[in-house]
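Colleague: Here it is, the structure, as structure tokens.
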Amino acid sequence: MGLTARETPASVETRTQAELQQKGLRTTKEALSDATGVTVGNVPGNPAVVSMRGFTGNTVNVLQDGVRVAASTLTTRDMDTWKYEKVEVLKGPASVLYGEGSLGGTINLVTRKPTLDEQKLEGLLSTGSFGTRRAAIGFNQPLNETLALRADASYVRSDSFYDVDDQDTTAFNLSTSLLFKPDDDLSMIFAFDHDYDKYDSTYNGSPLVPVSVARNPSGIVSSANGLVIDKSLRRSNYNPDGANSGARSTTLRWTTDYRLNDHWTLNNILSHYTARREFFVSSEQNYVTATGQFARTVQRVSHDHQFWSERISASNDQLIGGFRNRFSVGAEYSFNDMNNPRQNGTTSSVDPWNPQLGIFPGSGAANWPGAGRNVVYQSTMDGSSVFAEDAFNLTDDWLLVGGLRYEDINLRRTIDDVNQGTSQKFHPTYDPFSWRAGLVYNLTPDVQLYAQYSTAVTPVSSLLVISSANGDFDLSKGKSVELGVKASLFNGRTNLTGAVYQIDLEDILTRDPNDSTLTVQGGKQRSRGAELSASTKITSQLRADLGVSVVDARYEDLVEAGGADRSGNHPVNVPHTTANAALIYRFEPLPVTVGAYLKHSSGFYTDTANTYFVNGYTTLDASVSYEMKNATLTLRGRNLTDRFYGEYSGYSATQIYIGAPRSAELSLAFKF
């Protein structure tokens, strides 16, 4: 409907390409971590996995140019930010807009688009610690009065962003798009996007060891059983030789906007996506006291994924009874097809301090013996939906916003056990209905108050990889209440957004209280919190940014295997408090800009039993930039205090991802 951020009854945060470069946010993980209340991890199977408003994984949707392919835990990659015009973060439930999964929030990665108004060439070169090299270039070229071409390419090479052994990292992107705009009424964009990334011997976090054997024990993890992070193992990687993960994906998109008349417009998006993802990793590495070694699991997982979608909508903007009304109605159809062979097992244990890594098992069936060790999953899913939204000005100062969405989802799963020669099929269907209602009030022309009630749905696990045991369960249902304020103060020098909210998710999986061997729907998770983000121009030379989030997320009702009651416990990887702050000062008349960037996160738990607690941390980055006629030279330091800290937990509760140590980077950005 073309609502502005001020007219949207929800918290919206945006990072432009200029801001990404100024703050040195090189990857999607770094960009998303800069948003208020967002925590991001780089688990090998879920790169750039997001936690927002107390919810993680497939409860947060990630889109590209407004299109969702599948659960973010399947499709999101930690890619270079060069190709993005901006990153938009919508907080709270958004199933009305984007379908199942949008509970904690939705992220939209908006790629750069061609324009008819200018010829432009821009690029970036950088070199830094841990053998990190980055190069990017892009141009916009009007071809004539109705056609324009945009192309961008980026390449990253690093020994390891985390300074971990044997973790060579490579990423490449090529994006091109053609704009056809014959007149003011019609606009078409044809876009091609190709991404490639590969991690040799991926980092799976630092495994905990007993304090009695640690050679340099740290205090960043608290546990009841005396396990700690050994700082002497900081750079160790326990993947067998030959382990790796990566992805290749290609997206084609045709977007059409057509203005029928002064009141009606049409929008159509036709998308096709194909990807090949591979995860050949030792996912769990756990210390065994009896042997003094890390026991290791291994898995060989592939995704051959095809997707296409068609979405059409019509929007109307006109007066009704003298009051402005904006209305949108549309329909969407999508189809997913994914072939997913999986092999899993164990490999030799290793000495933590003198590891003999061994060789990663090959793909032959003999390397993965036994039932459930060599399985091929085939999933096809088609979904249809209809949706409508309306924004009606009750008066010049009161705006009523509402929306609804109905979905029809059909999933077909086949599971073939290659070793056993068995096959099983199941065909779950879902028909969720989501809605929202919000109100925006102009307290003054520069201050808006808003309130919103919204609902959302999310599967008990990602639909394309859901197990047969979970296939009979319905979608979990969420609801949210949010109150907030948006303001532009002091003649526009200060902009802020504040919000308080409560989100309830019901019908999560739990155990039957009368029979703990039975899994049922009936659990509940609740999240309450407050957020504040602000940017102020203190003087003509000095700007300050601040984002603070406080969240109390708990399981209201959760029973696990064996009857263990987790009610009242905190979810995994959800810190109570996060904050980002920046001070940016531009010297005059010198063309020099300096910046200081502070990031804080309180501690988090790594398991639902809340056995392991990772302490909070604060890091400091800084930059100094020198601007020339057509270029900017920047020296940047990250984690200047060389803080040793844990930022996320992995597949096992006893594996902690350690944040990158102190590093430096020199970059040159140019524009003509």
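Colleague: For Ala451 and Leu116, FRET efficiency with R0 = 41 Å and r from the beta-carbon atoms, rounded to 0.05?
Modeller: Between Leu116 and Ala451 the formula returns 0.50.
Colleague: Follow-up question, since we're still on this one. With the crude spin-label approximation of a point 7 Å out along Cα→Cβ, what separation in nm comes out for Leu635 versus Asp351?
Modeller: The two pseudo-label positions are separated by 4.4 nm.
Colleague: Do the sum for the chain: with -39,500 (n - 2.57) for every DSSP H run of n ≥ 4, divided by all residues, what is the mean residue ellipticity at 222 nm, to the nearest 500 deg cm²/dmol?
Modeller: Only helices count here, giving -500 deg cm²/dmol.
Colleague: Oh, and also: Toward the positive end of the charge dipole of the chain, about the Cα centre and with charges on Cβ (Lys, Arg +1; Asp, Glu -1), which of Val350, Ala365, Ala451 goes farthest?
Modeller: My answer, from the dipole projection, is Val350.
Colleague: To continue, here is another question. How high is the FRET efficiency from Asp185 to Ala437, r the C-beta distance, R0 30 Å, rounded to 0.05?
Modeller: For R0 = 30 Å, the calculated efficiency reads 0.35.
Colleague: Another question, if that's okay. Could you tell me which GluC sites (Glu not before Pro) in segment 105-184 are loop residues by DSSP with no more than 15 other beta carbons within 10 angstrom of their beta carbon?
Modeller: Here the sparse-neighbourhood loop sites are Glu118, Glu145.
Colleague: With +1 on the Cβ of every Lys and Arg and -1 on the Cβ of every Asp and Glu, and nothing else charged, how large is the dipole of segment 570-672 about its Cα centre, in debye rounded to the nearest 20?
Modeller: 260 debye
Colleague: Write out the chymotrypsin sites (Phe, Trp or Tyr not before Pro) in segment 365-403 meeting two conditions: DSSP loop, and at most 10 other Cβ atoms within 10 Å of their Cβ.
Modeller: none
Colleague: In the calculated pair distance distribution of the chain, what percentage of Cα-Cα distances lie above 40 Å?
Modeller: It works out to 30 percent of all Cα pairs.
Colleague: So how strong a dipole does segment 5-671 carry about its Cα centre when Lys and Arg Cβ are +1 and Asp and Glu Cβ are -1, to the nearest 20 debye?
Modeller: 1380 debye
Colleague: Pairs of alpha-carbon atoms within less than 8 angstrom and 6+ residues apart define the contacts here; what relative contact order does segment 522-613 have, in percent?
Modeller: Dividing the mean separation by the residue count of segment 522-613 yields 25 percent.
Colleague: Considering the options Met52, Val67, Leu25, tell which one lies farthest towards the positive end of the dipole of the chain, charges being +1 on Lys and Arg and -1 on Asp and Glu at the Cβ, about the Cα centre.
Modeller: The one lying farthest along the dipole's positive direction is Leu25.
Colleague: Calculate, in nm to one decimal, what Arg157 and Phe192 gain on full extension: separation in residues at 0.36 nm each, minus their alpha carbon distance.
Modeller: Separation in residues times 0.36 nm, less the Cα-Cα distance, equals 10.3 nm.
Colleague: Tell me the Kirkwood hydrodynamic radius of segment 367-422 in angstroms, computed as one over the mean inverse distance between distinct C-alpha pairs.
Modeller: 15.7 Å
Colleague: Now for a different question. Write down the Å³ per residue value for the convex hull defined by the alpha carbon atoms of segment 210-250.
Modeller: Looking at segment 210-250, the number lands at 136 Å³ per residue.
Colleague: So, one more: How much net charge surrounds Pro591 when only other residues with a Cβ under 10 Å from its Cβ are counted (Lys, Arg +1; Asp, Glu -1)?
Modeller: 0
Colleague: Place the peptides 519-532, 69-82, 216-229 in order of packing, highest mean first, counting for every residue the other Cβ atoms within 10 Å and averaging per peptide.
Modeller: 69-82, 519-532, 216-229
Colleague: List the chymotrypsin sites (Phe, Trp or Tyr not before Pro) within segment 96-197 that DSSP assigns to loop and that have no more than 12 neighbouring Cβ atoms inside 10 Å.
Modeller: Answer by residue number: there is no such site.
Colleague: Quick one: compute the contact order of segment 5-671, relative version, from alpha carbon pairs under 8 angstrom and 6+ residues apart, as a percent.
Modeller: Worked out over segment 5-671, it gives 11 percent.
Colleague: If Lys and Arg each add +1 and Asp and Glu each add -1, what is the summed charge of the other residues whose beta carbon sits under 13 Å from the beta carbon of Leu489?
Modeller: The answer is +2.
Colleague: Under the 0.36 nm per residue contour assumption, what length would be gained going from the current alpha-carbon distance of Ser535 and Leu668 to full extension?
Modeller: 45.2 nm
Colleague: Any idea which of Ser480, Asn42, Tyr162 is furthest toward the positive side of the dipole for the chain, if Lys and Arg beta-carbons carry +1 and Asp and Glu beta-carbons -1?
Modeller: Farthest towards the positive pole: Tyr162.
Colleague: How far apart, in nm, are two points set 7 Å out from the Cα along the Cα-to-Cβ line at Ile137 and at Thr4?
Modeller: 4.0 nm
Colleague: At a 10 angstrom cut-off on C-beta neighbours, averaged per residue, how do the peptides 360-370, 574-584 rank from highest to lowest?
Modeller: 574-584, 360-370
Colleague: To continue, here is another question. Return the Rg/Rh ratio of segment 1-120 with Cα-based radii and a Kirkwood Rh.
Modeller: 0.96
Colleague: Same structure, new question: Using a Förster radius of 25 Å, what is the FRET efficiency between Ser468 and Asn339 based on their Cβ-Cβ separation? Nearest 0.05, please.
Modeller: With R0 = 25 Å, the Cβ-Cβ based efficiency is 0.90.
Colleague: Another question, then. Full extension from Thr127 to Ser567: what is 0.36 nm times the residue separation minus their Cα-Cα distance, to one decimal in nm?
Modeller: Difference between extended and current length: 153.6 nm.
Colleague: Counting only the backbone N, which residues of segment 553-573 are under 17 Å from the spot 7 Å out from the Cα of Ala224 toward its beta-carbon?
Modeller: 555, 558-572
Colleague: What distance in nm separates the two pseudo spin-label positions at Phe426 and Glu556, each 7 Å out from Cα along the beta-carbon direction?
Modeller: 2.7 nm
Colleague: So, in Å, what gap is there between the alpha-carbon centers of segment 406-426 and segment 571-637?
Modeller: First find each Cα centre; the distance between them is then 45 Å.
None of the figures in this text is laboratory data; all of them are computed from the coordinates on show. All figures in this text were calculated on a predicted structure; none of them were measured in a lab. Every residue, glycine among them, receives a Cβ derived from its backbone with ideal geometry; neighbour counts consider all protein chains shown.
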